[in-house]
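Every number in this text was worked out from the coordinates using simple rules, so none of it is lab data. Treat the numbers as computed from the prediction; the structure is a model and nothing was measured. Note that we place each Cβ from the backbone using ideal geometry, even for glycine, and neighbour counts take in every protein chain shown.
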Amino acid sequence: MATRARIAYRYTDGSYVSAYHHWDGYLDGLGLLLTEHYTDPKLIEKCIQKGNASTWKSEPEHNDYYHNERCMTHADTKALMEDAWNMDEEYLYVYSEKLQGWSVRFRNGDMTRISAESILSAREK
């Protein structure tokens with residue numbers, strides 16, 4: 001079953017580039033993958049700029065992109081959230097250039113910084 005998500009890269013000026021991700025968007029799926037395998041800002045931005053994807057893999061060259069669906073740009077956080085929630089995406093993952101790390105925002109408005117360790121530790125509880 002699809003758990004839709006959006007992966008975004010936040011630039012230091014507060015603007016974003018983002019792409020849709022179709023499968024396994026929950027924390028134990030895409031969240032863990034991003035925090036373990038997507039830590040290089042240039043790689044993250046490059047993968048997002050390739051556009052929407054069915055799924056990202058641990059090896060970026062194996063990501064399954066929808067080749068006719070481009071990434072989106074957003075002027076600010078409000079525009080990014082509106083786009084994500086209007087498309088019924090359940091998770092919004094953001095890599096921040098300034099913070100050099102990942103966070104996740106949920107539809108209920110909650111947001112938290114995430115790491116592989118925080119996801120694995122929550123799984124054990």
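Which value at 222 nm does the chain reach when only helices count, each DSSP H run of 4 or more adding -39,500 (n - 2.57), with the total divided by all residues and rounded to the nearest 500 deg cm²/dmol?
-7500 deg cm²/dmol
Give the dimensionless ratio obtained when the Cα radius of gyration of segment 53-98 is divided by 2.2 N^0.38 Å.
Relative to the rule-of-thumb radius for its length, segment 53-98 sits at 1.32.
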Task: Cubic angstrom per residue, convex hull over Cα atoms of the chain - done: 104
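Could you give the size of the charge dipole of the chain about its Cα centre, using +1 on the Cβ of each K and R and -1 on the Cβ of each D and E, expressed in debye and rounded to the nearest 20?
180
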- [ ] Find the centroid of the Cα atoms in segment 54-107 and in segment 22-39, then give the distance between the two in whole Å.
- [x] 11
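Enter the mean projected area of the convex hull around the alpha-carbon atoms of segment 1-46, in nm², rounded to one decimal.
One quarter of the hull surface, i.e. the mean projection, equals 3.4 nm².
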Task: Set of lysines with alpha-carbon distance to Lys78 below 19 Å, sequence-local pairs under 8 removed - done: Lys98
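Restricting to bridges with both residues inside the chain, how much of the DSSP beta-bridge set is antiparallel, in percent to the nearest 5?
Within the chain, antiparallel bridges account for around 75 percent of the total.
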Open item on the list: Please list, in order along segment 52-59, the HN-Hα scalar couplings obtained from phi with the Karplus expression 6.51 cos²θ - 1.76 cosθ + 1.60 (θ = phi - 60°), rounded to whole Hz, x for Gly and Pro.
Closed with: 5, 9, 5, 7, 9, 10, 5, 10
